[in-house]
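Structure record follows, encoded as structure tokens.
The values are calculated or read from the model by the stated rules, or taken from the named source; none is laboratory data. Please read these numbers as outputs of a predicted model, since none were measured by experiment. Backbone-built Cβ (ideal geometry, glycine too); neighbour counts: all protein chains shown.
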Amino acid sequence: MRKFINNDKVFTIFNYLLALFFLLIAFYPLWYVVICSVSDPSAIVTGKVWIVPADVTLAGYRRMFTENDIWFGYARTIIYTLVGTCINLLFTIPAGYALTRRTLPFRKAINIYFMLTMFIGGGLIPTYLWMSKLGMVDNVAVLVLMGAVNVWNMIICRTFFDTNVPVELIDAAKIDGGSEIRIFTTIVLPLSKALLAVMTLFFAVGHWNSYFTAMVYMRSKSKWPLQLVLRSLLLTVNGQDEGVGNGMERMLQLQGMKYAVIIAASVPVLVIYPFIQKHFVKGVMVGAVKG
Amino acid sequence: MKKKKLSIRLRKHWELYVMIAPAFFYILIFHYIPIHGLLGAFENYKPHKGFFGSDWVGLQHFRKFFQTNAFWTVVPNTVKLSLYGLIAGFPLPIVLAMCLNYIPSLKFKKLVQNVTYAPHFISLIVMVSMINNFLGVNYGLVNNIREAFGLGREQFLTDAGLFPHIYVWTGVWQGVGWGSIVYISALAGVDPELHESARIDGASILQRIRHIDFPAILPLAVTMLIMNAGHIMSVGFDKIYLMQNSLNLSASEVISTYVYKQGLGSSNYGYATAVGLFTAIVNLIMLVIVNTISRRLSETSLW
Amino acid sequence: MKKTMVTKAMAVLLTAAMITACGGNAASTPTSGSTTATTAAAKTETTETTAAAASSAAEEEGGLFNREGYPIVNEPITLTIGYVANPEAGEWATTDYVKRLEEYSGIDLEFIEYADGTALSLMFADRDYPDMIMGCGSDKQIADAAEAGDVYALEEYFEYAPNWVDFLEKNPGRKASITFPDGHIYSLPCIDERADYEMRDVWYINGAWLDELGMEIPTTVDEFYEAMKAFKENAGKGTIPSNVEPYYARGITQNIGGALDLIASYGLRVTGESTYATIDDNGNVEFNFANPEIKEPLLFIHKLVEEGLMSKDGFTDDRNTGISKESYEGSYSEYVGYSEGRVAFGPLDSGNGKKPISRSQTSPIQRNKFTMFKTCQYPEVVMRLMNLIADEEWTVYDFFGAYDELDSCVEKRDDGTYYVKDKSNDRDHHYRTLENNIPSLMSKERADKLVFAESFENYERAMAAAAYDEWMMPNENLFPSFVYSDENRDRISELQGDIKPFIQQTLNGWALNGGIEEGWDAYIDQLNVLGLEEYLTLLQEEYDRFKANMN
């Protein structure tokens, strides 16, 4: 008996160390970006920045404020994210709910209809050509519509409703003569706050971070979302093949502000997420894959 | 339950169909209609002839893919990266979940959880930019450290040999916290009485982990494994594409980037479609195989 | 087609009405920079006969546009130009060059920027063409679009582009280069025949260190070896840094900064990474790296590596890193060098009895800089615009920046030469141009009129080019750049894709770790497995077709 308790103590100590290790590994790179964003670039280059900022300066942020591309991109991304997330929720959650209703004719067939898209698709070019026919090229509608239904998230919704909304409750409401839509909005949704929170976060983060759709479909820079602006700022390919690379000066400017840009781009997501975080465990249900 | 006439049942559920309709039509327009493009895999596709008018070449593109030398780099690279990612990325979330499950301090547990989830939300653009900044040869943190210890500066980002490690471990860094959520919730679902009675019987924490927690999350772990196996032939396109450079290409060229370059870079639409289709088919086969094995072994199945 | 005809007729009617209304100020008086107009006019005269013979489409004459003189159009029209974003050129619409071009031609230019090759590719797939694209488009994309009938055959409108007719007539090789296999010209190139462009890297050695050591600039491989050895042995003394890298090359086969200059010193024909092929004196395509004679230079390179006289890091460095290390490098190859005390030297006598060679530019013609699509309703106007861009003064302007103005980059002298000042180095200078992204025409005779200021970065290259001149490989030995036939194009690029990485890896491995003698046979075997024979056959086939086109 005693021995076990001792063992458990040792275990707990090791366990704390392990957790601390995970914590530091996750935390340090983030912290490093933060301290770099307020340090002088030359201090970073010479390796003076480790634990705390060195030669503190807000020059990077100041520079960033002069880059109009970033701010316009920011504003556009906020709009795309808001509209896109609303569409996502509207398309995904009611459908996920309806598919949990076992009396629904063709339920299985509709399920398969959705599931199949996880494995088969037309690919980029046919989709592009089709979108072009629909007038979607260089049209912001494509940014908010593309990915409007995420089948994987729909499955999570389905599982959540299946396990968290008692069938009896719905049946009772039906006997009282409630319409399906009323039942959904007045009974089911209030029971599903955790799911709503998590789905909102998933979709919003997805929109906030997406760049590929915009890269393919958006011709005008005036419609670019933030991530695409960032891509051209942070990941510019240097070194042309002929002649001499002369982007050097610009590269140095970017060097000075890139950490500030990284922070600015990530802050909105990191700010929202603690509010939603507490719903994670409940919202992302395990049975997700059972279905 | 006795079945009523179909038309009556349909009418009775019209509201539910309305709820499904947006998603249904979205999928129809954005997913199913473009599928006709798969025809291109069997054609000498020319934009002006379209998918229904281009010359039929049968399986020529597939044969060509199997014969080209690229086959022997992109397929192994893809499998290597996804297997490595699976092996490195699969157990750690479980370890983290177990670890957090036995942290007595609720505050500390919450802190670790919050911080380890955070990297998941960083966009890939920012992530790759961070990788470049950390590992860059001239200003990178890691090289700064190396220099401080008197070691030379190294070209991490252009070293094909290092590419899989950088790719996989940065992925693990980003995903471990997030991946642990499902296991944490599964562990939270374990009946506390089981633990209580085990403790009374004198079981140590390690024993309880082995005999109570582990069996509790096993079905889940197997399911996750199956899901991942279904993607063995497709590693994430975006991150690799953003991390590629001409010098690490021998390790970083994977099927998805190859398809992308063939289709859009070299305008070999038909060929690229064929390679993409081949990948999808292999993925599906893998999924079925692993699922069958798992059903035999642990009675866990996707369907 | 019918539709365009109708629109054209409408446009003509409309402009005619406009001109009468405005009192007809269309008498082609150039607005500014009249020198250009006169040269262009003179050029036009020389080709008048051909133009007149072909002029059947003269219906617009004196209407929408002017056949001669500037502005080109009498009523502003808008043309859309697609281009692929390139951080070096920035936004085209805001360049000084474009503003002047618009002002001078009277044409409004509207630009569509494709974020990258993907966007361009999708544009082709979707056939959603602008009026024209500049600086982009692959042979395959253009050939496919031409097959669909979406691209103008430019030779049909050559009467409006006497500058091009003139040049192509005098240079059948260039004409053969840009002619597609179906015999049409679908795109115009950027021509750059400056001697300093036609050579590849300048090979540098640090002359200041040699002076300190009392050594001469090496002229033979042996002297080169001694110099490298001396750099190493005297590291940390004088101005030689302690971490000196005596010889620095970024691998063996790198186009820029590779060890090819050293290999060419052995009298071996080697080019950079385009085809790895040259033409032997009998007109046969030869592969550069299957020749057992490359063993000798590679053994020498391995010796340098083994003795610490050649940087191992260089083999994996990217170009910017190589440039950033130049001050530690005793000898290196670059387009333009930056290290203090650098001197251009080479090629070296290897002592094997062969005449050393200096390396030529890999692709001396830069193709596909302009393609016009059938969406464009004013092909004649566009061709006149291309003629303007290919004008002598406009070409000089595009290459080096504006002239004959306050704070200008170029000064035109009375003897017809152009004095290029060092301002031209500064690409952020307010005279921003489109450089080699557009079909400018720097022919040899024009290039001969350039005089570089000593402070201009190309001065050094021009000097080196003069010094290397006698060693340069004759143009006949260079595998030309031209449009492959549809049947062979994909296969050639596939084979290249397989062969190149293998060669790079193997040669680098031999240089670093040795083993060339033991590994040679297996290397040749593997090349054959990868399809070297087929590759050469296809190249030969294409080259023969190219030669036939020239006559």
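Residues that are of a type in the set (Gly, Ala, Ser) and more than 30 Å from A:Ile183 (Cα to Cα) were ranked within region B:13-43; the one that is farthest from the other protein chains (Cβ to nearest Cβ) is B:Ala41. If you scan region C:482-491, which residues turn out to be surrounded by fewer than 19 Cβ atoms within 10 Å (Cβ to Cβ) and in contact (Cβ under 8 Å) with a residue 24 or more places away in the chain? If the condition is that a residue be surrounded by fewer than 19 Cβ atoms within 10 Å (Cβ to Cβ) and in contact (Cβ under 8 Å) with a residue 24 or more places away in the chain, then C:Ser485, C:Asp486, C:Asn488, C:Asp490, C:Arg491 are the ones that fit. If you go through region B:80-107 and pick out every residue that is within 15 Å of B:Ile184 (Cα to Cα) and without any contact (Cβ under 8 Å) to a residue 12 or more places away in the chain, you end up with 6. So, A:Arg62, is that one over 26 Å from the mean Cα position of the chain (by Cα), surrounded by fewer than 17 Cβ atoms within 10 Å (Cβ to Cβ), modelled with pLDDT under 90 and assigned by TED's automatic domain parsing to the domain that holds A:Leu169 or not? Spelling it out, it is not the case that A:Arg62 is over 26 Å from the mean Cα position of the chain (by Cα), surrounded by fewer than 17 Cβ atoms within 10 Å (Cβ to Cβ), modelled with pLDDT under 90 and assigned by TED's automatic domain parsing to the domain that holds A:Leu169. Restricting attention to region B:194-249 and to residues that are free of Cβ contacts under 8 Å to residues at least 12 places away in the same chain and crowded, with 18+ Cβ neighbours inside 10 Å, the residue that is farthest from the other protein chains (Cβ to nearest Cβ) turns out to be B:Ala203.
If we scan region C:129-136, do we find a residue that is more than 25 Å from the chain's Cα centre (by Cα), assigned to a helix (DSSP H, G or I) and at pLDDT 90 or above? Write out each step before concluding.
Let us first name the residues in region C:129-136 that are more than 25 Å from the chain's Cα centre (by Cα), namely C:129.
Going one step further and asking which of them are assigned to a helix (DSSP H, G or I), we end up with none.
Scanning region C:129-136, I find no residue that is more than 25 Å from the chain's Cα centre (by Cα), assigned to a helix (DSSP H, G or I) and at pLDDT 90 or above, so the answer is no.
Quick one: which of A:Leu104, A:Leu20 is part of a helix (DSSP H, G or I) and within 10 Å of chain B (Cβ to nearest Cβ)?
Values: A:Leu104 fails: part of a helix (DSSP H, G or I).
Sole residue among the options that is part of a helix (DSSP H, G or I) and within 10 Å of chain B (Cβ to nearest Cβ): A:Leu20.
Looking at region C:98-126, which of the residues that are away from chain B (no Cβ under 14 Å) and of a type in the set (Phe, Trp, Tyr) is nearest to C:Ile389 (Cα to Cα)?
Looking only at region C:98-126, we keep the residues that are away from chain B (no Cβ under 14 Å), and these are C:98-113.
Checking the rest, the ones that are also of a type in the set (Phe, Trp, Tyr) come to C:104, C:111.
Numbers: C:Tyr104: 11, C:Phe111: 17 Å.
Among those that are away from chain B (no Cβ under 14 Å) and of a type in the set (Phe, Trp, Tyr), it is C:Tyr104.
Taking each residue of region A:119-143 that is in the same structural domain as A:Arg219 (by TED's automatic domain parsing) and touching a residue at least 60 places away in the same chain (Cβ under 8 Å) and looking for partners that are surrounded by 21 or more Cβ atoms within 10 Å (Cβ to Cβ) and part of a loop (DSSP other than H, G, I, E, B) with beta-carbon atoms closer than 7 Å, six or more apart or interchain, yields A:Asp138/A:Met218; A:Leu143/A:Pro225. Residue count for region C:460-472, restricted to those that are surrounded by fewer than 18 Cβ atoms within 10 Å (Cβ to Cβ) and either under 20 Å from the mean Cα position of the chain (by Cα) or closer than 15 Å to C:Tyr335 by Cα (or both): 3.
Checked against the criteria, C:Gln540 counts as in the same structural domain as C:Gln254 (by TED's automatic domain parsing), in contact with a strand residue (DSSP E or B) (Cβ under 9 Å, 6 or more places away or on another chain) and touching a residue at least 12 places away in the same chain (Cβ under 8 Å).
The set of residues from region C:210-259 being within 14 Å of chain A (Cβ to nearest Cβ) and out of contact with any helix residue (DSSP H, G or I) (no Cβ under 9 Å at 6 or more places or on another chain) comprises C:Asn255, C:Gly258.
Among the candidates B:Gly263, B:Gly270, the residue that is surrounded by 16 or more Cβ atoms within 10 Å (Cβ to Cβ), in a helix (DSSP H, G or I) and either more than 9 Å from every other protein chain (Cβ to nearest Cβ) or under 19 Å from the mean Cα position of the chain (by Cα) (or both) is uniquely B:Gly270.
Among A:Val83, A:Val10, A:Val33, A:Val49, which is the only one that is within 12 Å of chain B (Cβ to nearest Cβ), β-branched (Val, Ile, Thr) and under 25 Å from the mean Cα position of the chain (by Cα)?
On the way: A:Val83 fails: within 12 Å of chain B (Cβ to nearest Cβ); A:Val10 fails: under 25 Å from the mean Cα position of the chain (by Cα); A:Val49 fails: under 25 Å from the mean Cα position of the chain (by Cα).
Every option except A:Val33 fails the conditions.
Looking only at residues of region B:77-107 that are aromatic (Phe, Trp, Tyr) and not in a helix (DSSP H, G or I), we find that the one that is farthest from the other protein chains (Cβ to nearest Cβ) is B:Phe90. Scanning region C:493-508 for residues that are more than 14 Å from B:Ala70 (Cα to Cα) and surrounded by 16 or more Cβ atoms within 10 Å (Cβ to Cβ), we see that the one that is nearest to the other protein chains (Cβ to nearest Cβ) is C:Gln504. None of B:Val128, B:Val168 is within 7 Å of chain A (Cβ to nearest Cβ) and surrounded by 17 or more Cβ atoms within 10 Å (Cβ to Cβ) except B:Val128. Selection of region A:164-186 for residues being more than 14 Å from every other protein chain (Cβ to nearest Cβ) and modelled with pLDDT of 90 or more yields an empty set.
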